[in-house]
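The block underneath contains the structure these notes are about, expressed in structure tokens.
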Amino acid sequence: MNEEKDELLPGHIASDFYLWLWYRSETGGGHLDLGEGEEVDFWVDDRISFRTPGEQKVSAVMTGEHPGGSPEARAALAGGKVLRDVRLALKREDREYMVTLKGPLIEVSGAKLPGLVKTGDTAEILFERMFLYEELGLMLRGLFRRFAQLRTSDQWERGVMPQLTAWAHGQAEAEPPQDA
């Protein structure tokens, strides 16, 4: 990764995005309408990592089944750490995807696509694979677009950040967020 490029990007945006995804998956049931009839279900899968603000090096990693629900993950947040990477599962209709979002550039890594056509000619298999990659990109762009709209609105500071902070410290209500 080019360090000069990293310095030009606001690193907290990626951390905010990862935290918002985690929060939405835990409090909003992980279901989001992306607009134009596109919907996605998502959840933090089996890995999240944290860093100390101002540093890029990983300082804590939680793995296993539902690491976001662990007391250690909440303690890392309450202790001032921010998310660096998140392994996300996405579901659209009957197709499930896995992907890791990494670092301040929100790099996509380790994508796992749903099962492919087992029979058919090479072109059919290629077209299905292209469709699945495009669908994964559509879902990720849709999630980031929803986050960016919220992050740049007045609602972020007035409503979402207090909800996120309370949730991170275990003080959030059980009610799902409204447009958060």
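Rule-based calculations on the coordinates, nothing more; no lab input. Quick caveat: nothing in here was measured; it's all calculated off a predicted structure. No Cβ is skipped: glycine too gets one built from the backbone with ideal geometry, and neighbour counts run over all protein chains shown.
Any idea what the dipole of region 3-168 comes to, in debye rounded to 20, about its Cα centre with Lys/Arg Cβ at +1 and Asp/Glu Cβ at -1? In debye, rounded to 20, region 3-168 gives about 480. Given +1 at the Cβ of Lys and Arg, -1 at the Cβ of Asp and Glu and no other charges, the dipole of region 93-158 around its Cα centre is 340 debye to the nearest 20.
Distance between the modelled labels on LEU34 and ILE106, one decimal in nanometres: 1.2 nm (7 Å Cα→Cβ projection). Work out, step by step, the length gained on full extension between LYS118 and HIS66: first 0.36 nm times the residue separation, then minus their alpha carbon distance; give nm to one decimal. Length difference between fully extended and current span is 15.6 nm. With K and R counted +1 and D and E -1, the other residues having a Cβ less than 11 Å from that of PRO53 yield a net charge of +2. Residues of region 59-84 with an amide N closer than 12 Å to a point placed 7 Å from the Cα of HIS169 along the Cα-to-Cβ direction: 78-80. The count of lysine pairs in region 3-168 that are at least 8 places apart or cross chains, and whose C-alpha atoms lie under 24 Å apart, stands at 10. Averaging 1/r over each pair of different alpha-carbon atoms in region 3-168 and inverting the result gives 16.9 Å, the Kirkwood hydrodynamic radius.
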